[in-house]
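What follows is a short report on a single structure.
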Amino acid sequence: MSTTGRITGVNGNMITVQFEGAVGQNEVGFARLGELRLMSEVVRVRGRYADMQVFEDTTGLAVGDRVEFSGELLTVELGPGLLGQVFDGLQNPLPELAEKCGFFLKRGMYFPALPRDRSWKFTPSVKVGDAVSAGDTIGTVPEGIFQHRVMVPFGLNGVWKVAEVTGAGEYAVDHIVAKLADAQGAVIPVALMQKWPVKIPIRAYAERLRPTEALTTKIRIIDTFFPVARGGTYCIPGPFGAGKTVLQQLTSRYADVDIVIVAACGERAGEVVETLREFPTIHDPRTGRSLMERTVIICNTSSMPVAAREASVYTAVTLAEYYRQMGLQVLLLADSTSRWAQALREMSGRLEEIPGEEAFPAYLESVIASFYERGGVVTLKDGSTGSVTIGGTVSPAGGNFDEPVTQSTLKVVGAFHGLSRARSDARRYPAIDPLDSWSKYGGVVAAQDVAFARQVLGRGSEVGQMMKVVGEEGTHLDDFILHLKAEYLDAVYLQQDAYHDVDCATSAERQRHVFATIVHILRARMRFADKDAARQFFHRLTQATRDWNRLAMEAEEFKQQQSRLEGMLMEADSHA
Amino acid sequence: MHKVYHQIDNIAGNVVNVKAHGIRYRELAEITSRRGTSLAQVIRLQGDSVSLQVFAGARGIATDAHVRFLGHAMQVPFSEALLGRVFTGSAMPRDKGPALKDNFIEIGGPSVNPAKRIIPRRMVRTGIPMIDVFNTLVESQKLPIFARAGEPYNSLLARIALQAEVDVIILGGMGLKHDDYLSFRDTLEEHGALWRAVMFVHTAADPVVECLLVPDICLAVAEQFALANKRVLVLLTDMTNFSDALKEIAITMEQVPSNRGYPGDLYSQLAARYEKAVDFDTAGSITVLAVTTMPGDDVTHPVPDNTGYITEGQFYLRGGRIEPFGSLSRLKQLVNGKTREDHRTIMNSMIQLYAGYRETLEKQSMGFRMSSWDQKLLKYGAMFEKEMMDLSVNVPLEGALDLGWRILAGCFDPVETGIPSKLIEKFWPKQVSGARAEAGRSQA
């Protein structure tokens, strides 16, 4: 018999429940409100009282209402049919909810994440008597462009023997396709889908590796200057309006990965809608299929219940780990981790825990660290490699990076793309600060060229600062040219027009080509009669290079424009 | 019949505690004391102790006041009869009209399923170039106006309300000065727009906590109009007062404050309201324009800061003008590609050059010599401020774009603007092409 209890207190989305029997930490329970069952999770137990966070609006609950405990942790369903879906933080499929409940998110409505009425073409890859262990492939089903592996449940310990396996055929996700037996004679069934608790990492792999291979995002400033590695982690902190979300959206479109999981965590619904409505119509150049077929959206927007927001990042990372287990490269984009941290803070406040800095709970740092640690490259048991790359945005209060969430995140990530208000105000997008940001990974262009370009940026900026004090007339012409060079590099390479068909995404090959040309220009010795002539020249050069950026690399004009640039460079010498 | 409770245990701030059974979370109660009757809402249940937030304020409530629970959460009447009417912060008539008693709807309902939303696609034309050209307002957008107290934000709101092409206007006043309320009403009346407006006004003279209801009431009503295929514009002024009321209650309830005394859930509270802005796939839409005054002109203050993260951009009102830096409409890219091909280019180029002008101004104020480029920027900046930024400028979008080209041509050579050569050929005003050729010669 399962445990039940009665509500003794309601405070916001937290209820206190007096229970009979046993409950576990993080166990899921349901508060009964008439016919409705509101999903909740145990966050603290004190004697016979459990404090639970409710994943729904608590309006209408009363002292004495019944609570039923499930005996399980918060789990998600893993199986074919996840791709292309839109879930809320608890893995409720939103389109289905819309079909059943209309415009609004009715509380207490839970649907299976994977449709039970759809069948999948299963091909077994094991035979009776084979020895298998957690994470081994039993068979495959085609899901879109991928061979979706049906795997031995990740939680299984030791080596098991295949006792039974069905032949190839069409089956629903809950159909038992194999039975496994161990030496003691215990038998467990394996279906096309399995369940996994979201807060526990999936570890059914052979070895975890160091992320070394670059992940091309097709955003020049990232790939060239502050690269991200497959299986690496990065964060994008920035004040509001600095372009975090646009950056995430661009990455979700153009990044060179197999699968993208978008976790819209406590952000605007409108942004999810853009992804939701546009992705089905955009074709992935690699596969020729719609982008939606490689995307899963976990969407718990800011007006949806706060506790489910906390669950949503875990749901997202669990799905990412699941596809990694199939030897795929997965990118998880979490926007924004600050909202998740705030959900922790709200709950901590209701529990009346002793607050840490800015009232965030004292365990914030370890929670953030263990989340980012779920990223990584792994070798699977069959020798293939899979990766989960995690990119999280951070929304620091007041745009000040000294706040707890940004600082805790910076400690654990491999790359930092700090967005700056000054750059976004000047419409220099993407507004990643080229002087403050850093990355520990290797990029797509030659490292010594990048070092040189960064030096130009740094010194150019110093000259710019100095000029503010001593004025243009007090600046030496050579310094002034250096400043112009830095500005030129910024204007034609760091800045990228997200809304232009060609400029929005620059392939690694094109980056190498363009960057080499630009570094050549930066290295050139230029002589000008005076500062005005220098400025005039750089105005024209900038415009010509920007025009170049807007031409497709295959087009004939691309080459012509490049020779025009080279011609201009020659001219800079003749100015003397 | 609902039971009446007589024994109030605690009174702290605007929160009272009463012992009662079978009470539901967020249920409404009526508290009757010597000073009159007020609505109150359940904000915490703990055993048999019920905490109630009293909307009219707890001042004058005695421990023997009568508390009658109503068995439902806050509701407002909804019908077409609301149009043209003015109500208080708790939806009682403020004008001389009759109280409305039918078709009650719950306020603060659930949020819209993201799967039922659509990508906003219609521009809201305002005739203000700083909005139409540079930060286009889009139907279903939620946008705050950040301003220091004393800026003409309410008149800007009123002007947008009059000029925007919408079916219904809902005004929510929170801590509104009585004069401001009257001037809103009079402006709408003068221009014949009152018949399509509903006003819920909590004035500065009313009890502070009462303003907590205003956004929810406005948005619940707006939602009903939108479901009935209406395009609704909701104006809220001022959300900082709303947040301060939240703070007051949170402190009274002894919640751990997160930042400058505001509760940790300020973000979620504000988001729950702003996120009501929506474009339904098969019905109308809600656009929300709200005023957030910035205490001390500080945008990092928790209220504007959290708001900025929630809304789809913001307008900064400074010195009576919409400031081009910082002001942002996040949705503009959805519509400004379809207006005219030069729209985005004009928008970006003019702002980049204006940024250059601001730098030059700084240099000038430090007494540096002005180069010929600086001179051009100075001329440009002055023209831009006078002919574009001034809030009295009232031209349709296309006129404003042409004006932009004229200003650029009056100050610069085409190459100096960084505008793609193709657009220059098409739009650069022809009469100054002589000046361009001349500039080319002097350069060679």
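The values are calculated or read from the model by the stated rules, or taken from the named source; none is laboratory data. Everything quoted here is computed from the prediction, not taken from an experiment. Because the Cβ atoms are built from the backbone with ideal geometry, glycine has one as well, and the counts that use them run over all protein chains shown.
Out of curiosity, is B:THR287 within 23 Å of A:ASN400 (Cα to Cα) and within 16 Å of the chain's Cα centre (by Cα)? So B:THR287 does not fit the description; no.
Can you find, within segment A:90-119, the residue that is farthest from A:MET326 (Cα to Cα) among those that are of a type in the set (Gly, Ala, Ser) and within 12 Å of chain B (Cβ to nearest Cβ)? The residue in question is A:GLY102. Within segment A:7-18, the residues that satisfy the criterion of being within 11 Å of another protein chain (Cβ to nearest Cβ) and assigned to a strand (DSSP E or B) are A:ILE7, A:THR8, A:GLY9, A:VAL10, A:ASN11, A:MET14, A:ILE15, A:THR16, A:GLN18. Of the residues A:GLN91, A:GLN53, the single one that is of a type in the set (S, T, N, Q), out of contact with any Gly (no Cβ under 9 Å at 6 or more places or on another chain), part of a strand (DSSP E or B) and in contact (Cβ under 8 Å) with a residue 60 or more places away in the chain is A:GLN53.
Of the residues examined, A:ARG294 is one that is touching an Asp or Glu at 6+ places or on another chain (Cβ under 9 Å), buried (at least 22 other Cβ atoms within 10 Å of the Cβ) and at pLDDT 90 or above. Looking at this structure, is B:ARG260 more than 8 Å from every other protein chain (Cβ to nearest Cβ), of a type outside the set (Asp, Glu) and within 21 Å of A:ASP402 (Cα to Cα)? Criteria met by B:ARG260. Restricting segment B:59-83 to residues that are touching a helix residue (DSSP H, G or I) at 6+ places or on another chain (Cβ under 9 Å) and buried (at least 17 other Cβ atoms within 10 Å of the Cβ), the residue that is farthest from B:MET199 (Cα to Cα) is B:MET74. Among the residues of segment A:159-195, the ones that are without any contact (Cβ under 8 Å) to a residue 40 or more places away in the chain and either polar (S, T, N, Q) or more than 23 Å from A:ARG118 (Cα to Cα) (or both) come to 14 in all. Taking the criterion of being in a helix (DSSP H, G or I), loosely packed, with under 15 Cβ neighbours inside 10 Å and at pLDDT below 90, the residues of segment B:423-444 that qualify are B:LYS430, B:GLN431, B:SER433, B:GLY434, B:ALA435, B:ALA437, B:GLU438, B:GLY440, B:ARG441, B:SER442, B:GLN443. Of all the criteria given as (1) under 29 Å from B:MET370 (Cα atoms); (2) in the same structural domain as A:SER370 (by TED's automatic domain parsing); (3) among the charged types (D, E, K, R); (4) touching a residue at least 40 places away in the same chain (Cβ under 8 Å), the one not satisfied by A:ASP425 is (4). Among the residues examined, B:ARG273 qualifies as closer than 30 Å to A:ALA98 by Cβ, more than 7 Å from chain A (Cβ to nearest Cβ) and free of Cβ contacts under 8 Å to residues at least 60 places away in the same chain. Selection of segment A:413-439 for residues being touching a Lys or Arg at 6+ places or on another chain (Cβ under 7 Å), closer than 19 Å to B:PHE325 by Cα and surrounded by 21 or more Cβ atoms within 10 Å (Cβ to Cβ) yields A:LEU419, A:ALA431. Tallying residues that are under 27 Å from B:SER155 (Cβ atoms) and within 8 Å of chain A (Cβ to nearest Cβ) within segment B:278-287 yields 0. Would it be correct to say that B:GLY57 is over 21 Å from B:THR252 (Cβ atoms) and either more than 10 Å from chain A (Cβ to nearest Cβ) or assigned to a strand (DSSP E or B) (or both)? It is false that B:GLY57 is over 21 Å from B:THR252 (Cβ atoms) and either more than 10 Å from chain A (Cβ to nearest Cβ) or assigned to a strand (DSSP E or B) (or both). Being over 14 Å from the mean Cα position of the chain (by Cα) and assigned to a helix (DSSP H, G or I) holds for only one residue in B:GLY296, B:GLY308, and it is B:GLY296. Residues satisfying the criterion are absent from segment B:288-310 (criterion: within 24 Å of A:GLY102 (Cα to Cα) and either small (Gly, Ala, Ser) or within 11 Å of another protein chain (Cβ to nearest Cβ) (or both)).
Does A:ALA534 fit the bill of being part of a helix (DSSP H, G or I) and either among the hydroxyl-bearing types (Ser, Thr, Tyr) or over 36 Å from the mean Cα position of the chain (by Cα) (or both)? The answer is yes for A:ALA534. Among the residues making up segment A:277-303, a single one is acidic (Asp, Glu) and within 12 Å of another protein chain (Cβ to nearest Cβ): A:GLU278. In the set A:ASP497, A:ASP532, A:ASP478, A:ASP501, only one residue is more than 14 Å from every other protein chain (Cβ to nearest Cβ) and at pLDDT below 95; that residue is A:ASP478. Looking across segment B:339-365, the residues that are touching a strand residue (DSSP E or B) at 6+ places or on another chain (Cβ under 9 Å), modelled with pLDDT of 90 or more and of a type outside the set (S, T, N, Q) come down to B:MET350, B:ILE351, B:TYR354, B:ARG358. Here B:MET383 does not fit the description of being of a type outside the set (D, E, K, R), within 27 Å of A:VAL246 (Cα to Cα), modelled with pLDDT of 90 or more and not assigned by TED's automatic domain parsing to the domain that holds B:ARG159.
In segment B:101-147, which residue that is polar (S, T, N, Q), within 18 Å of B:GLN224 (Cα to Cα) and within 14 Å of another protein chain (Cβ to nearest Cβ) is surrounded by the fewest Cβ atoms within 10 Å (Cβ to Cβ)? Taking the candidates together, the pick is B:SER111. Go through segment B:365-382 and count every residue that is within 10 Å of another protein chain (Cβ to nearest Cβ) and either farther than 11 Å from A:GLU472 by Cα or not in a helix (DSSP H, G or I) (or both). Total meeting the criteria: 8. Of the strands (runs of 3 or more DSSP E) lying entirely inside segment B:67-131, the ones with 3 or more residues being within 23 Å of B:ALA283 (Cβ to Cβ) and in contact (Cβ under 8 Å) with a residue 12 or more places away in the chain are found at B:75-77, B:104-106.
Being under 16 Å from B:ARG321 (Cα atoms) and either of a type in the set (A, V, I, L, M, F, W, C) or not assigned by TED's automatic domain parsing to the domain that holds B:VAL299 (or both) is a condition met by no residue of segment B:108-115. Does at least one position in segment B:333-345 carry a residue that is closer than 30 Å to A:THR337 by Cα, within 12 Å of another protein chain (Cβ to nearest Cβ) and not in a helix (DSSP H, G or I)? Looking through segment B:333-345, none of the residues is closer than 30 Å to A:THR337 by Cα, within 12 Å of another protein chain (Cβ to nearest Cβ) and not in a helix (DSSP H, G or I). The criterion of being surrounded by fewer than 24 Cβ atoms within 10 Å (Cβ to Cβ), among the hydroxyl-bearing types (Ser, Thr, Tyr) and within 30 Å of B:ILE251 (Cβ to Cβ) does not hold for A:SER395. Filtered by the rule that a residue be free of Cβ contacts under 8 Å to residues at least 40 places away in the same chain and part of a helix (DSSP H, G or I), segment A:428-464 gives A:ALA447, A:GLN448, A:ALA451, A:GLN455, A:LEU457, A:GLY458, A:ARG459, A:GLY460, A:SER461, A:GLU462, A:VAL463, A:GLY464.
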